[in-house]
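Student: Below is the structure I would like to discuss, written out as structure tokens.
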Amino acid sequence: MEGASYQRFPKIKIRELKDDYAKFELRDTDASMANALRRVMIAEVPTIAIDLVEIEVNSSVLNDEFIAHRLGLIPLTSERAMSMRFSRDCDACDGDGQCEFCSVEFHLRAKCMSDQTLDVTSNDLYSSDHTVVPVNFTDSAGYDSSEQRGIIIVKLRRGQELRLRAIARKGIGKDHAKWSPAATVTFMYEPEIHINEDMMDTLTLEEKQSFVESSPTRVFDIDPNTQQVVVVDPEAYTYDDEVLKKAEAMGKPGLVEIYAKEDSFIFTVESTGAIKASQMVLNAIDILKQKLDAVRLSEDTVEADDQFGELGAHMRGG
Amino acid sequence: MEKISPKQIGAAIENLLKTGRLVTQTGLDLQQRAGFTVQAERLNYLRFISFFRSVHRGASFAGLRTTSVRKLLPESWGFLCPVHTPDGEPCGLLNHMTCTCRITSYYNSQGIIRDFFKIRMSILNVLVGVGMTTSWPKVDHDGPPQALPVLLDGVIGSLSTSEADKVVAHLRNLKVSDSSVIPDDLEVGYVPLSLGGTYPGLYLFTSPSRFIRPVRNISIPSSDEKDIELIGPFEQVFMEIKCPDGGDGGRSTTFPATHEELLPTAMLSVVANLTPWSDHNQSPRNMYQCQMAKQTMAFSLQALHSRADQKLYHLQTPQTPIVRTKTYTKYCLDNYPSGTNAIVAVLAYTGYDMEDAMILNKSSVERGMCHGQIYQTETIDLCEGKSKSDRGQRIFKREHSDKAISSFVDSDGLPYIGQVIHGGEPYCSTINQVTNAKRTYSRKGSEMAIVDYVSVDTKNKNHLQKVNIRFRHPRNPVIGDKFSSRHGQKGVCSQLWPDIDMPFSGVTGMRPDLIINPHAFPSRMTIAMLLESVAAKGGSLHGKFVDATPFSDSVKGADGKTQESESLVDELGSMLRARGFNYHGVEVLYSGVYGTELTCEIFIGPVYYQRLRHMVSDKYQVRATGQVDQITRQPIKGRKRGGGIRFGEMERDSMLAHGAAYLLHDRLHTCSDYHIADVCSLCGSILTTAIVQPQKRAVREIGGLPPARAPKKVMCHACQTSKGMETVAMPYVFRYLAAELAAMNIKMTLQLSSGAGA
């Protein structure tokens, strides 16, 4: 393995998949790849978020910027995002962000007429495009779905009014965190746990018990039948070395040996709801490929620079 | 006295309240003339209430060389907070009352003025009842040791010494009891007989404006809160008060404790009481925290939208602290929250957290962490015109024809609400109805502001005379802004790293909001900050607030609970363990840049962070070229006027030490008051040279070329010739020096020569 480069074929095995949650194994690759995937998912998978707000009337207690900021942070369903254009390179509208290729318009009109406090929520946002709407959390979560509860933007009392127009655009998390589709993306190295059975047998049951309990997470357990220490969940191990320290303290170094497999990772992906977690992974891989293509292209086009001129340099840079 | 009209007195008092200065010829035998009032700033709630609980010893003591006035003496223990005093010059002179300390008042609890004569008479009756003999003129009295003088607000009587203990106990009993014979804030200063001690006697005070604080009188059989006695500083020194930790405090059995402190935290001020587990911190850190809590950008008030304060700092997204003391709940400080529970990782990451710098998570900031605004109000009062004739003629208006300012100012002369106004742009316009002269008010400086609100004075029905225009300055965190935890650990934001570059936890995927350097801890010994981190982590995992009242273990002991209970660290650690986290609050983190495991386990957890009001946007100073001083032609100073920062002697020395002579020349001369002077080499003067106006003669125009400029001709007035004229580069102040010297009849001559060293 030392120094020798060889082609590997990374494999993905999906363990669990929900709309906003995914857990999968990534094998036969190394940390740089895994981390690149993580970073792309957080910062470079595009979504749509409100970017421009034109406030017509705002007599609420919150100031204009605050409301604009809150609107920006509302996740919008962004399946369209990959096929949309960035408003800065939209040819159709010269980048003023007001055309169907690069933007979606929202309207919000709310006025409190009663003595009861009116909650202005993301449900009050009217979209010009039915595919881009504020994420609805009620159906997926098992809560009381009879009440449509959106994300609260502001609360109004009698006589207060909020009227605005907002333009949502495509963007990436690198520019602003509101465009990040990921709530959390994390990975861990798959642990390999070996129990030295001979040494373990020398322990009394109490010692085994205290050994098992030394880990804050439930990695080991005692088999009720054979009274042997078994590994129940190796992935619960957090690399905190607590069991190793315990073994040392019991005077039995080498009781367990734990290695991190250098080439397999367990990913946990949580989405904000803007795009499905599975889609987020696929998009991230797409984007990673595009990035690599740009590198490959740069090699090809250096010689052809006089032919392509600025375009080649642009492609390499992009 | 007759000469002074009541109106004058009113004006003088008003002036005193406004400026804090006494205008007097005699000095009134007061030790200071200024500083009698301070303005209660509403920077945040804690600062505001601290103004009403602070006690200043007097400006005259500030200059004193001795430190004795600054010490916390036994009589002020429990009345003045030992922690809440600034460090440095006013240390120990500007004190704050403890949270239990009160001041006796002229008014009773119903707000009615108390009849002190009646109170004294009823006390006198009680005293006579227990055997005090009132003093009559020309009657011989026994002095101590047989009899004890009794002074009730200065009225003298005497009492048999043997009776004294019983009388004092009786008085204290009456003080506590409901009967209104004796007011509950009576100070019973009993100075017992002693050798070489204070002159013995029974000194009773009923007067207002005294410090009092509650303690428990344990000599009275306890019956639901009926044993709380209010004591004063004078009597405290001669009383036996037990601390609630259960020990006897080194007290001998001959003087058993008669009183007991209510709470160990009663000796701290409100602000000092808010520091979680302050008993685990090095004491100066708690003092720093008291200062910094008062400079925090927070919720200063609730009715922000209808206020017209000069300057208001406002935190947009505050949170309630997870780890809090009982005082926090008691004073309902959730109404005025002052910080954010930031996830703090303690590690050296990228080196941008050296020397008390801290790295903020850019994505967290983008999601709203520590966002804030400054509200600033400009008042425009047309009645305040300098000339009387001008008064009443000006109105707020913009002429319809005035297109230049129509995008900023509405036709009523006032700005549009929500309008963004950059530096130098107008926001208000007035017109003189008689002369038709218009005046526009423009924003000073280069900073952008947003018009938040315009309020008008409607007292004058005819037309508007006074308006308040409130501006809003956005102040979201940027590099250079100051933050602090609640443990005197302040730091400056040095970098805003994006989420992906921050280290992350493999288990939870959490990225810290903030990174601080581990070197912030060993020398400062703020253990409570570490405890707070662990406790807040446990608290958030269990979904509950954690009580961090200092000295709470000593209270438990008094309750009779077993003191064998686990230590604080054990308690917090097991909370973490129960949720599968490390007992010590550390976690395995992975580098956000490489994805590899960091070598060490990282201490990470939520810590309540305050945003301090010192922000770069209000302080940065930079200049390339700009205004210069009239006399010296050197750059002016002052941030407001666009001046530079002085490149002083020490900076000059450092340049010289580096051998950067050319740079020095550039800074001190070329970029400053570079001047080319004409010098007469014949008489050596630079002052007598003058430009001679060339005679007007028709310059023949050569086709296509611009008219040739006549060469500048300079001549010396003293020598009446222009023969020896030379140009020399010199600082302009040199010419100024020559002029100043000439004014003193000193002639300065320059000897010119060409070539170096000649």
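Student: Considering only DSSP beta bridges whose two residues both sit in the protein assembly as shown, what percent are antiparallel, to the nearest 5? Display every interim value, and only then the final one.
Tutor: Working: 149 of 166 bridges.
Once the DSSP bridges in the protein assembly as shown are tallied, antiparallel ones form about 90 percent.
Student: Another question about this same structure. In square nanometres, what is one fourth of the surface area of the convex hull spanned by the alpha carbons of the stretch B:79-179? Numbers along the way, then the final one.
Tutor: Working: hull surface 41.7 nm².
Here the figure is 10.4 nm², rounded to one decimal.
Student: What relative contact order, as a whole-number percentage, does the stretch B:383-471 give when Cα pairs under 8 Å and 6 or more residues apart are counted?
Tutor: Relative contact order here is 25 percent.
Student: Then there's this: Using amide H atoms built 1.01 Å from N in the peptide plane, name the residues 5+ places from B:GLY580, or on other chains, whose amide H lies under 5 Å from its own.
Tutor: none
Student: Are there any trypsin sites (Lys or Arg not before Pro) in the stretch B:430-488 that are in a DSSP loop and have at most 13 other Cβ atoms within 10 Å? List them by number. List each step's numbers first, then the result.
Tutor: Values: sites: B:LYS438, B:ARG439, B:ARG443, B:LYS444, B:LYS459, B:LYS461, B:LYS466, B:ARG470, B:ARG472, B:ARG475, B:LYS482, B:ARG486; in loops: B:ARG443, B:LYS444, B:LYS459, B:LYS461, B:ARG475, B:ARG486.
Of the trypsin sites (Lys or Arg not before Pro), the ones in loops of the stretch B:430-488 whose Cβ has at most 13 other Cβ atoms within 10 Å are B:LYS444, B:LYS459, B:LYS461.
Student: Average partner chain C-beta neighbours within 10 Å, per residue of B:498-507? List each step's numbers first, then the result.
Tutor: On the way: counts 8, 9, 13, 2, 0, 0, 7, 4, 9, 10.
Per-residue shielding by partner chains comes out at 6.
Student: Right, next: Straight-line reach from A:LYS11: which lysines have Cα under 19 Å away, leaving out those fewer than 8 places along the same chain?
Tutor: A:LYS23, A:LYS261, A:LYS289
Student: Right, something else. If you build the convex hull over the alpha carbons only and average its shadow over all orientations, what do you get for the stretch A:47-179? Give it in nm² to one decimal. Before the final figure, lay out each step's value.
Tutor: Details: hull surface 34.8 nm².
Average of the hull's projected areas for the stretch A:47-179 equals 8.7 nm².
Student: Taking 37 °C and 0.692 mPa s as the conditions, I'd like the Stokes-Einstein D for chain B in µm²/s, using the Kirkwood hydrodynamic radius from alpha carbon pairs.
Tutor: Working: Rh = 33.4 Å.
It diffuses with D of about 98 µm²/s by this estimate.
Student: In whole Å, what are the extents of the protein assembly as shown along the principal axes defined by its C-alpha atoms, from largest to smallest?
Tutor: Principal axes ranked by extent give 122, 118, 77 Å for the Cα atoms.
Student: Can you pull out the trypsin sites (Lys or Arg not before Pro) in the stretch B:306-401 whose DSSP state is coil and whose Cβ has at most 11 other Cβ atoms within 10 Å? Please list the in-between numbers first.
Tutor: On the way: sites: B:ARG307, B:LYS311, B:ARG324, B:LYS326, B:LYS330, B:LYS362, B:ARG367, B:LYS386, B:LYS388, B:ARG391, B:ARG394, B:LYS397, B:ARG398; in loops: B:ARG307, B:ARG367, B:LYS386, B:LYS388, B:ARG391, B:LYS397, B:ARG398.
Passing both the DSSP loop test and the Cβ count: B:LYS386, B:LYS388.
Student: Right, another one. Select from the stretch B:50-89 those trypsin sites (Lys or Arg not before Pro) which occupy a DSSP coil region and have at most 11 other Cβ atoms within 10 Å, ordered by residue number. Present the calculation step by step, with values, prior to reporting the outcome.
Tutor: Numbers: sites: B:ARG53, B:ARG57, B:ARG65, B:ARG70, B:LYS71; in loops: B:ARG53, B:ARG57, B:ARG65, B:LYS71.
Answer in residue order: B:ARG65, B:LYS71.
Student: Using only the C-alpha atoms of chain A, find the volume of their convex hull and express it per residue in Å³.
Tutor: Details: hull volume 65.6 nm³, N = 318.
Spelled out: Cα convex hull of chain A, divided by residues, is 206 Å³.
Student: Between the stretch B:477-550 and the stretch B:424-453, how far is it from one alpha carbon centroid to the other, in angstrom?
Tutor: 45 Å
Student: A further question follows. Among all the aspartates and glutamates, which ones have a C-alpha under 20 Å from B:LYS490's C-alpha, if same-chain residues fewer than 8 places away are not counted?
Tutor: B:ASP87, B:ASP279, B:ASP353, B:GLU355, B:ASP356, B:ASP481, B:ASP513, B:GLU532, B:ASP618
Student: Using amide H atoms built in the peptide plane, which far-off residues or other-chain residues are under 5 Å from B:ARG394 H to H?
Tutor: Close amide H contacts, sequence-distant or interchain: B:GLN433.
Student: Hey, another quick one. Take chain B, mark every one of the chymotrypsin sites (Phe, Trp or Tyr not before Pro) that falls in a DSSP loop and has at most 10 other Cβ within 10 Å, then report the longest stretch left between them, sites excluded. Kindly include the intermediate steps, with their values, before the conclusion.
Tutor: Details: sites that count: B:PHE52, B:TYR620.
Result, exposed sites excluded: B:53-619.
Student: Enter the mean number of other protein chain beta carbons within 10 Å of the beta carbon of each residue in B:633-640, as an integer.
Tutor: Details: counts 0, 0, 0, 0, 0, 0, 0, 0.
Counting other chains' Cβ atoms within 10 Å and averaging over B:633-640 gives 0.
Student: Can you compute 3J(HN,Hα) from phi for each residue in the stretch B:295-300, using the Karplus curve 6.51 cos²θ - 1.76 cosθ + 1.60 with θ = phi - 60°, rounded to whole Hz and x for Gly and Pro?
Tutor: 10, 7, 7, 8, 7, 7
Student: If you average the alpha carbon positions of the stretch B:578-598 and of the stretch B:718-743, how far apart do those two centres end up, in angstrom?
Tutor: The distance from the Cα centre of the stretch B:578-598 to that of the stretch B:718-743 comes to 73 Å.
Student: Take every DSSP beta bridge whose two residues both sit in chain B, then give the antiparallel share in percent to the nearest 5.
Tutor: Rounded to the nearest five, the antiparallel share is 85 percent.
Student: Please report the spacing between the Cα centers of the stretch B:81-109 and the stretch B:279-307 in Å, no decimals.
Tutor: Cα centres, the stretch B:81-109 to the stretch B:279-307: 17 Å.
Student: Pull up the cross-link candidates among the lysines for B:LYS7, meaning alpha carbon to alpha carbon under 26 Å and not fewer than 8 places away within one chain.
Tutor: Reachable lysines: B:LYS18, B:LYS386, B:LYS388, B:LYS459.
Student: State, as an integer percentage, the relative contact order of chain B based on alpha-carbon contacts under 8 Å between residues 6 or more apart.
Tutor: On the way: 1383 pairs, mean separation 80.1, N = 758.
After rounding, I find 11 percent.
Student: Tally Lys and Arg at +1 and Asp and Glu at -1 over the other residues with C-beta under 14 Å from the C-beta of B:GLU14: what net charge comes out?
Tutor: On the way: positive: B:LYS7, B:LYS18, B:ARG21; negative: none.
Once positives and negatives cancel, what remains is +3.
Student: If you don't mind, another one. Apply the Karplus curve 6.51 cos²θ - 1.76 cosθ + 1.60, θ = phi - 60°, to the phi angles in the stretch B:513-527 and return the couplings in whole Hz, x for Gly and Pro.
Tutor: 7, 7, 10, 10, 8, x, 5, 6, 9, x, 7, 8, 6, 8, 5
Student: Also: Compute the longest continuous run of chain B that contains no exposed GluC sites (Glu not before Pro); treat a site as exposed when its DSSP state is not H, G, I, E or B and it has at most 12 other Cβ atoms within 10 Å.
Tutor: Working: sites that count: B:GLU2, B:GLU225, B:GLU355, B:GLU564, B:GLU566, B:GLU701.
No qualifying site falls inside B:3-224, the longest such stretch.
Student: Provide the per-residue ³J(HN,Hα) series for the stretch B:37-45, in order, calculated from phi with Karplus coefficients 6.51, -1.76, 1.60 and θ = phi - 60°, each as a whole number of Hz, with x at glycine and proline positions.
Tutor: Per-residue couplings from phi come out as 10, 10, 7, 7, 6, 9, 5, 8, 5 Hz.
Student: Now for a different question. Go ahead and run the numbers for FRET between B:LYS330 and A:ALA294, Cβ-Cβ distance against an R0 of 56 Å, rounding to 0.05. Let's see the in-between values first.
Tutor: On the way: r = 61 Å, r/R0 = 1.09.
After rounding to 0.05, the efficiency reads 0.35.
Student: For chain B, find the longest principal axis of its Cα atoms and tell me its angle to the long axis of helix B:161-176, 0 to 90°, nearest 10.
Tutor: Relative to chain B, helix B:161-176 is tipped by roughly 70 degrees.
Any read-out appearing in this document is the output of simple, stated calculations on the displayed coordinates, not a laboratory observation. In this text the structure is predicted, and so the values were computed from the model without any measurement. No Cβ is skipped: glycine too gets one built from the backbone with ideal geometry, and neighbour counts run over all protein chains shown.
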